[in-house]
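One structure is given below, encoded as C-alpha cells.
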Amino acid sequence: MTPWMHRIVDPLLPVDRFSRSDRRIVFIIWAAGVVQGFAQAQAAATLPFTRVGLGLTAGQMSLLLGLSRLAAFAALPLGWLGDHKGRRRPLLWAMTLILVGGTLSGLALEAWHFGLTQSVLRIGTAAMSGLAVVLLAEQVSPTIRAHAIAFYGAAVSLGGGMALMTLPLADGGGQSWRIPHLLIGLGFLLLPFLIRNIPESDVYEHRERHRGKWKDLTTGVFGRRFLIVAVIGFLASAFSAVALAFSTTRMIEGLGMSTGMVVFVALLGGTLGGLGFFVGGHLADSWGRRKTTVLSLLLALGGGLVVYWVDLIPILVIGVMISSFGIFAFVPAGGSHRAELFPTDIRASANTASTSVSLAGSATGLIIGVFTIDRFGLAETVTVLGIAMAAAAFLTLTLPETRGQDLAAVSIEPR
C-alpha cells in the first residue's frame, strides 16, 4: 500500500490489532446487531405507509411512537439482572423481546395494538443496546474497545439500511405496510446461534462481588456521572428521533420524491456517512472519548438541519451523509465512554438505564412533535429540538476522559 493510500485508509482502521477472541465476540454481537437494526428501524422506515394504514395523522403517529418508547424503562430489570446474574441471559431475553414485538407489529389491527407491540420492541432495544456495549467493552482489548463497539453500531445501521430497502414492499396500498414488519420474524432463525455462542463476560465473572445497588446511580461520584450521561442521551435523542423518524416523510410528502429515490438518497448518504462508525472508533481510541463525542454530536446536528431546510437533492444527500456520519461516530465514542465511566457492579444497570432515558428523550421529542409539527411545521420543530443536541455536546465536556480505562480496576468507591 502506497503512503498516500495508507493515510486515507488509516483513520478507518483500529489503532491496535484484534485478537482471535476479539474477532469472535465482535462477529457474534455484529450478527445480533443486524437483526436489532432491521427490527427497530421498520417503524421509521415505513412510517408514511404505516401511518396511512393505521389511519393516523403525522402528529398522531408521532404521539404513538413517542409513547411506545417510554416503555423502555421496563428494560431496567434486565439491566439489574445483568449486574447480578450476568450479561448473557438478559441480552438473549432482550433479543427475544425485539423479535416478538417487531413481528407482532405487522399483525396489529388497531393503532393501540401497534403501539403496544412497539413498546415490547423498545424494551428489548433498550436492554440490548446497553448490554451489548457492556459485553463488548468487557470482552475486547482496551486499546480497540471503541472500534469494537463501532462494529456493533455498524451492524445496527446495516440492519436499518436493510429495513429501508423493504420500503417498496410497503408501498402497495391496503395491507402492504405489514410486510416489512412481518419480515422481522426471520430473525428468530438467529436465536439458536446466539444461545450457543454468546459468552458470559470475563470481567463480570472475575469481579470483586460488591453487589452494586440502584442508589449507586443516584448518589456520590457515580450518581453525578450517571445524571450527566442520562441528560446527554435524553437531549441528543430528542433531536435525532424526530429528525430520523420523519426523514422519509420529509422526502416523500414534503419534496414529492418517489420511494425509489428516497431509498437511493438515504442509502447513498447513509452508506457514506457509515464511515463515521470506524472513523469515530479510531478517533475515540486514539484522540479521546470526549472530543470525538462532541464533534459527532455537532456534525449530526448540522447535517440534520440541512435535510429539513434544503430542497436540492445533491445538497440533501450531503446533509444525510454529514448527519449520519455524526450519529454513527457517536456510537463508538459515546458507547465506550459510558461503559468506562462506571464500575462492573453497576455497569449494566447504568448503561441500560441511560439507554432507557435516551429512549425517553426520543419519546419526548416525538410527543413535542404532536403539538408542533402540524401547527408550526416539521422543519421548524427539528430546528428547535436542535438546541437540545447542542446542549448535549456542551455537557459532554464536563465528564472525565476515560480512554484506555481498565474496566476491572474501577470500583464502587473511586480510588
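Step by step: first the residues of the range 100-143, then only those that are charged (D, E, K, R) and assigned to a helix (DSSP H, G or I), then the one that is surrounded by the fewest Cβ atoms within 10 Å (Cβ to Cβ). Which residue is that?
Result: Glu138.
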Pairs with Cβ under 7 Å, 6+ apart, first in the range 249-264 and in contact (Cβ under 8 Å) with a residue 12 or more places away in the chain, second of a type in the set (Asp, Glu): Leu255/Asp311; Thr259/Asp171
Considering only residues that are under 22 Å from the mean Cα position of the chain (by Cα) and open to solvent by 20 Å² or more (accessible area, probe 1.4 Å), which ones fall in the range 367-383? Ile367, Ile368, Thr383
Of all residues in the range 176-190, which are touching a helix residue (DSSP H, G or I) at 6+ places or on another chain (Cβ under 7 Å) and either open to solvent by 60 Å² or more (accessible area, probe 1.4 Å) or modelled with pLDDT of 90 or more (or both)? Ile179, Pro180, His181, Leu182, Ile184, Gly185, Gly187, Phe188, Leu190
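Select, from Leu305, Leu299, Leu295, the only residue that is part of a helix (DSSP H, G or I) and under 17 Å from Gly254 (Cβ atoms).
Checking each option against the conditions leaves just Leu305.
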For Val382, indicate whether it is in contact with a helix residue (DSSP H, G or I) (Cβ under 7 Å, 6 or more places away or on another chain) and closer than 13 Å to Leu235 by Cα. yes
For the subset of the range 264-278 comprising residues that are surrounded by 20 or more Cβ atoms within 10 Å (Cβ to Cβ) and aliphatic (A, V, I, L, M), which member is farthest from Leu341 (Cα to Cα)? Val265
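The values are calculated or read from the model by the stated rules, or taken from the named source; none is laboratory data. Note that this is a predicted model, so its numbers are computed, not measured. Glycine also receives a Cβ, built like all others from the backbone with ideal geometry; neighbour counts cover every protein chain displayed. We work out accessible area using only protein heavy atoms, side chains counted, and drop any ligands, DNA or RNA first. Shrake-Rupley method; radii C 1.70, N 1.55, O 1.52, S 1.80 Å.
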